[in-house]
Structures are given as structure tokens and as C-alpha cells.
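Reading through the C-alpha cells given below for one structure.
The values are calculated or read from the model by the stated rules, or taken from the named source; none is laboratory data. All figures in this text were calculated on a predicted structure; none of them were measured in a lab. Cβ placement follows ideal geometry from the backbone for every residue including glycine, while neighbour counts extend to all protein chains displayed.
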Amino acid sequence: MLAGATGLVGRSAMEVARTHPSLRLVALSRREAPMPRGVRMEMLVADPERWEDAIASIAPEGVICALGTTRRQAGGSEEAFLAVDRDLVLRVARAAHEAGASHFVLVSSAGANLAAKPFYLRAKAETEAAVSKLKFKRLDILRPGLLRGRRSGDPRPLERLAILASPLADHLLRGKRRGFRSIDARIVAAAALQLVREKAPGRFVHDNAAMRRAARRLEGTA
């Protein structure tokens, strides 16, 4: 199951899945979204208040959760931001676990840390910690840096400028800051699609380099 199909990583996951006919996705969304031609998938549209019932009906084996918003989209409200990036993600994870899912892939963020000063990074770390407590047989946490890709309906002018400057900025991000380097959303999506199929149990955290390796493993199965 794919949660967050209308976002950048979610839409990229649908595009990548199109070239891998062995993958079958069921997307759960609050609104309809165009599906790439040729992809083997279904889309279930439901109000988030009814997602627990929807997830129970899907009964997924594994889940890719690419849900997320921004403070800007949330009207500048920390509470509204947390309602999606923490609370809704946790509801999806709990419902999936109760429905029998053994594997959960969570798209988080580079720098996620409970002790971080930026609110965004603390919130991501809180979500990671809460999902970890559910004890999935396998949990993969993806921590991408700045996501590159074409977004729809959200101009994010400062982010666009950061993406334009990313070739230079990436060279300046060294040492502990390497994790914040930019990465194409299709690579993150491909990594998620590969990792949700892997069987080794445990909790795994993936930075940009690890996601690129996972994406290459998926390419080898095309």
C-alpha cells in the first residue's frame, strides 16, 4: 500500500512502479490523483477519518508511507503540521499493523533528531520513534536530503531556489552534513519500492547513499 500518492515521492513511486510489472500497488489517498498509464495499481479514495477502515479492507503486506506537508501548507500552524506529519502517519502505521502488515517503509528527513533545534526535524524524529514502537517485523526509515523533482500545486519558491543552487551547495555539504545533499525523488521512490520487498527483519535507517544502492537493486530486477 502506498500512502501519500499525491506528493512528490508518492507520484514518483507510481511512475517507477510502471516499469516493474511484478509490483502491484494499492494507493490510499484523500483525493483522486492521475495514475501513470500501464502501472499495475488501484487507488482507494477516502476521507482520512475513515482510513483505518480503508486500510483494514486493503490488508496490505507492506506499506510505503510518503505522507507529509509543510508549515506553509499548514497555514504556519505547528499543530496542523503535526496533524499530518506525525498524527496521520502514526494512524496509518497503527492501522496497517493491526491489519497484518509486517513491513513499513517511512519517508522521513535527513537530520531527524529529537534534540534538533528546528521544529521540523524534531517532529520527524518524534514520528520515527512512535512508529518504531509498533514493532513491525521490518521497518525501513528513509532520510533523504533536499528532494529534487517537479511538484504539483505547491510552488515553494524558496525550495525551488535551493534546488537550483543544489549542485554547488551539495559540494559544500561535507562530513555530518552530507546527508542534507539533494537527491532525486525518483531515487527515493525506487528505494522505497525495493525496500518494501526485502525480507530481512529489523529496523533500518537509510541515508542518500543507502537509498541510491537500494534503487540500483530495483533496477536490476526490471
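Among the numbered conditions (1) at pLDDT 95 or above; (2) over 24 Å from Arg18 (Cα atoms); (3) not in a loop (DSSP other than H, G, I, E, B), the only one that Asp170 does not meet is (1).
Condition check ((1) touching a helix residue (DSSP H, G or I) at 6+ places or on another chain (Cβ under 6 Å); (2) modelled with pLDDT of 95 or more) across all residues:
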| site | (1), (2) |
| --- | --- |
| Leu25 | yes, no |
| Ser29 | no, no |
| Glu52 | yes, yes |
| Thr69 | yes, no |
| Ala83 | no, no |
| Ala93 | yes, yes |
| Leu114 | yes, yes |
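There is no residue in the stretch 211-220 that is among the basic types (Lys, Arg), more than 24 Å from Arg91 (Cβ to Cβ) and modelled with pLDDT under 85.
Inspect all residues belonging to the stretch 108-116 and state whether any of them is crowded, with 16+ Cβ neighbours inside 10 Å, out of contact with any Phe, Trp or Tyr (no Cβ under 9 Å at 6 or more places or on another chain) and without any contact (Cβ under 8 Å) to a residue 24 or more places away in the chain. No, the stretch 108-116 contains no residue that is crowded, with 16+ Cβ neighbours inside 10 Å, out of contact with any Phe, Trp or Tyr (no Cβ under 9 Å at 6 or more places or on another chain) and without any contact (Cβ under 8 Å) to a residue 24 or more places away in the chain. Taking every residue in the stretch 1-17 that is closer than 18 Å to Ile58 by Cα and pairing it with any residue that is of a type outside the set (Gly, Ala, Ser) and in a helix (DSSP H, G or I), at least 6 positions away or on another chain, the pairs with Cβ-Cβ distances below 6 Å are Met1/Ile58; Ala3/Val92.
In the stretch 114-142, how many are within 19 Å of Phe180 (Cα to Cα), touching a strand residue (DSSP E or B) at 6+ places or on another chain (Cβ under 8 Å) and outside any helix (DSSP H, G or I)? Here the count works out to 3. Note on the stretch 3-29: residues that are in contact with a Pro (Cβ under 9 Å, 6 or more places away or on another chain), among the small types (Gly, Ala, Ser) and over 9 Å from Met41 (Cβ atoms) amount to 0.
Residues that are touching a residue at least 60 places away in the same chain (Cβ under 8 Å) and within 26 Å of Gln73 (Cα to Cα) were ranked within the stretch 132-148; the one that is surrounded by the most Cβ atoms within 10 Å (Cβ to Cβ) is Leu142.
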